[in-house]
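Visitor: Supplied in structure tokens, the structure appears directly below.
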């Protein structure tokens, strides 16, 4: 058993923080949390304690939607909406990843950035290229960061050099899965079935991917109802589907396996009901939805319906990896929705948005994102000394760290009980 | 004449950047820009050059709306809308500034932060307290930062310990003006007439302040049409005014002198026309408008109407002093307006938002915010090396600095030609 002491803050439920001032956290050798304590019980008092003093200790962040090959485009090229943005900026960049050396150059920075910003778990889009995507997975294994890595499938409405066939997409995903299991990998890094989105995938591709997910018991990730023009296009491409979500569902890609769907800015009615019925995750990407002018996802409606929700940076639609900033934007966008609906949709509280970034998003990976007994220890130790020059409560300190802090303030990072060192870049 | 060399980027008009790769800027002894050059003319080649290498050099930022006494509340307490937020969080904090020692403690941090974030010019709300507000002005003078400092006037709908009388407000503003002129001050720091907002000021107060502004030829700053409940309240308080803006106008506080009006989320119709007719500045505070759930100001409409617009951090409604972030939010909020209006109101381009933060906002202070001949040299030297690991254009480097950079990247700061040292905190 290992013991850590710090100001512990986490969200067992979305409605409130649990705060243990100078509390203790006891962690088993396998990285699973045994218990947290306000004061150390008699039987543990002989054990050594790693004491983080007056620092904050919070669960690690989960980034449920991010595109590794778009790292270079982060912070530029945000003058177009989704569909022209993809063809103008995104596809030309992704084509470069046919070169595994370029992939290594960019993916090292990508993995380093996730580490730096405290995203201990992620769900990641690679490209169609098997070598580059394997390199990406290897870098995650080396870093000790948890991830679901998707070899992207596209066989229509993409440049020739960015298309794979259904057979290739299936084979390459199987090979990646095989590679990761040979790694002696402890399942922290796994593959995830990744149709880019309906417009990029023929019915043959979708059918093959749905079968693959089912046969191999793999999770699925994709995009849903991000932009009005995209939704209209899906309607034309899949006239037999009753909604965009149904176009995935008909191929076994909408909750038949654990499923992440990014954006959902315009999800309502039947699609919303299907997400609820099939426990499909909404991945809310508020910075991206602002940057490429998609719109505002009605997160309060999703929460009220009991749909699982997590947060995503969606780099490079999003301009920033920091989940602090995504928490902040999630709250802010919900306040604009609140203003727009004259208060009908209550905005997200701080604890709710923090819960989305930790326990709610973390649930996709198992018992991740909380400090409750049985959870894997993903944690960040925060030194907010420069922000704490006056008499702030611990909850206010957390709030100021979320709004004003950055990567500089994260002093130590744990993923599944292991303290991580800085990945080589 | 002094010569500086760097990658110069500025916006003579809102429609495009002017970029001089490794260009030169020649500055007269009084801090006024003589000329910029792509290459150095013969007659200047004998002069020494301060060479900033491959760094970027851009105009300093202008923060046209910020509350100095709310510095401590930055990043906390954002769970309420404007009116309850004021009474619950803001007024109790402002009352502390009766103690000049507390004022000194907080205002040192405030001025340091403006320096750190590169805001070379600002328009600032103090409190009703003359001693504390004088201390604030002195700290600006010491720092060499340009500012308009307002002694706040409030004589209704405020706690007893946060009210002054019309006579006090006038006397204390005159005394502050007198104090600043005795400083041997070069007019970088001046006072500005500051009714908090209509609900805080009786007709007697507004009348006295309008007269003061006219007699002393002083600029005016206040708040306008930020929040629906506030607008409704003003309608009740000032039934003879045709709109909120007219309530200021009737007392000589709406463009009869140079005037800043923060927010304008719901300005339209007659109020919009009045702002245009009387050249009243809109100060757009997008982070604040998100944080306290006010709404989205239609900036495109204001620009199309020819109304002058600048940007404001509005700390502590805003959670951050960085004008980089305000530029970013201004663009993002304009994209949400674009999505909401189905593309009717085109979103802000990068050059437009940058122009708002520099030349457009700077125009309130004179010839400030550009590198054109005759402008005062307000400038930031940016080291973006860690962001520039691939082949980015200079405009992309600026965009990445705006979206991804922070105070760490500002290496040197100039205000009116003087290179500033770090203010003592």
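Values quoted throughout were computed directly from the atomic coordinates according to the rules given, and no laboratory measurement underlies them. Computed from a predicted model, the values in this text were never measured in an experiment. Note: ideal-geometry Cβ built from the backbone for every residue, glycine included; neighbour counts use all protein chains shown.
Visitor: Efficiency by 1/(1 + (r/R0)^6): what FRET value for residue A:47 and residue B:54, r their Cβ-Cβ distance, R0 = 51 Å, to the nearest 0.05?
Guide: 0.45
Visitor: Ok, one more. Tell me the angle of helix B:100-117 to the major Cα principal axis of chain B, expressed in degrees between 0 and 90 and rounded to the nearest ten.
Guide: Tilt of helix B:100-117: around 40 degrees.
Visitor: Need the C-alpha centroid separation for the range A:62-133 versus the range A:334-401, integer Å.
Guide: 26
Visitor: While we're looking at this one, here's another question. Per residue of A:76-86, how many C-beta atoms from partner chains lie within 10 Å of its own C-beta, taken as a mean?
Guide: Details: counts 12, 2, 8, 6, 0, 5, 0, 0, 0, 0, 0.
Average per residue, whole number: 3.
Visitor: Here's another thing I want to ask about it. Taking the Cα centre of each part, how many Å lie between the range A:189-231 and the range A:1-54?
Guide: Going from one Cα centre to the other spans 40 Å.
Visitor: Can you tell me the Rg and Dmax of the range A:38-186, counting just the alpha carbons, in angstroms?
Guide: 19.5, 67
Visitor: Counting helices only, and only those DSSP H runs with n ≥ 4, report the 222 nm mean residue ellipticity of chain A as the sum of -39,500 (n - 2.57) divided by its residues, in deg cm²/dmol to the nearest 500.
Guide: The helix contribution divided over chain A gives -10000 deg cm²/dmol.
Visitor: Quick one: if the Förster radius is 25 Å, what FRET efficiency do residue B:279 and residue B:216 give, using the C-beta to C-beta distance and rounding to 0.05? Don't skip to the end; give the middle numbers.
Guide: On the way: r = 19 Å, r/R0 = 0.77.
With a Förster radius of 25 Å, E is 0.80.
Visitor: Give the nm distances, rounded to one decimal, from residue A:301 to the matching residue in every other copy, measuring between label points 7 Å along Cα toward the beta carbon; shortest first.
Guide: Computed spacing set for this position: 2.4 nm.
Visitor: Oh, and also: With everything on Cα atoms, drop me the angle between helix A:166-182 and the longest principal axis of chain A, reported from 0 to 90° to the nearest 10.
Guide: So the inclination is approximately 30 degrees.
Visitor: For residue A:28 paired with residue B:372, estimate the spin-label separation in nm (one decimal), with each label point 7 Å from Cα along the Cα-to-Cβ line.
Guide: 7.1
Visitor: Compute the long axis of helix B:323-340 from its Cα atoms, compare it with the longest principal axis of the Cα atoms of chain B, and write down the angle in degrees, 0 to 90, nearest 10.
Guide: The angle comes out at about 70 degrees.
Visitor: Where does each of A:405-415, B:371-381, B:350-360 land if you order them by average Cβ count within 10 Å, highest first?
Guide: Packing proxy ranking, top to bottom: B:350-360, B:371-381, A:405-415.
Visitor: Between residue B:425 and residue B:161, what is the label-to-label distance in nm when each label sits 7 Å out along the Cα-to-Cβ direction?
Guide: 2.8
Visitor: Just tell me how shielded B:331-344 is by partners: mean number of partner chain Cβ atoms within 10 Å of each residue's Cβ, no decimals.
Guide: Whole-number average of other-chain Cβ neighbours for B:331-344 is 5.
Visitor: How many nm is it between the label spots at residue A:418 and residue A:104, if each spot is 7 Å from the Cα in line with the beta carbon?
Guide: Placing both labels 7 Å along Cα→Cβ, they lie 2.1 nm apart.
Visitor: Please compute the volume of the convex hull spanned by the alpha-carbon atoms of the protein assembly as shown and report it per residue in Å³.
Guide: Taking the convex hull of the Cα positions in the protein assembly as shown, it is 162 Å³ per residue.
Visitor: Hey, got the average number of other protein chain Cβ atoms within 10 angstrom for residues in B:396-409?
Guide: That average works out to 3.
Visitor: Which distances in nm, rounded to one decimal and ordered from shortest, link the label point of residue A:88 to the equivalent label points in the other identical copies, with labels set 7 Å from Cα toward Cβ?
Guide: Here residue A:88 shows inter-copy label distances of 4.2 nm.
Visitor: What is the packing order of peptides A:74-80, B:121-127, taking the mean over residues of other C-beta atoms within 10 Å and listing the highest first?
Guide: B:121-127, A:74-80
Visitor: Using r as the Cβ-Cβ distance of residue A:342 and residue A:186, and R0 as 51 Å, what FRET efficiency do you calculate, to the nearest 0.05?
Guide: Computed FRET efficiency for residue A:342 and residue A:186: 0.50.
Visitor: Once the label point is placed 7 Å from Cα along Cβ, list for residue B:161 the distances to the corresponding points in the other copies, in nm, shortest first.
Guide: The projected label point of residue B:161 is separated from its counterparts by 6.9 nm.
Visitor: Could you work out the relative contact order of chain A, using alpha carbon pairs under 8 angstrom and six or more residues apart, expressed as a whole percent?
Guide: Working: 960 pairs, mean separation 91.0, N = 425.
Taking the mean separation of contacting Cα pairs over the length of chain A, I get 21 percent.
Visitor: I've got another one for you. Could you tell me how many cubic angstrom of Cα convex hull volume chain B has per residue?
Guide: Enclosed volume per residue, from the Cα hull, is 135 Å³.
Visitor: Rounded to the nearest 5, what % of the DSSP beta bridges within chain B are antiparallel ones? The partial results should precede the final answer.
Guide: On the way: 24 of 57 bridges.
Beta bridges within chain B, antiparallel portion: roughly 40 percent.
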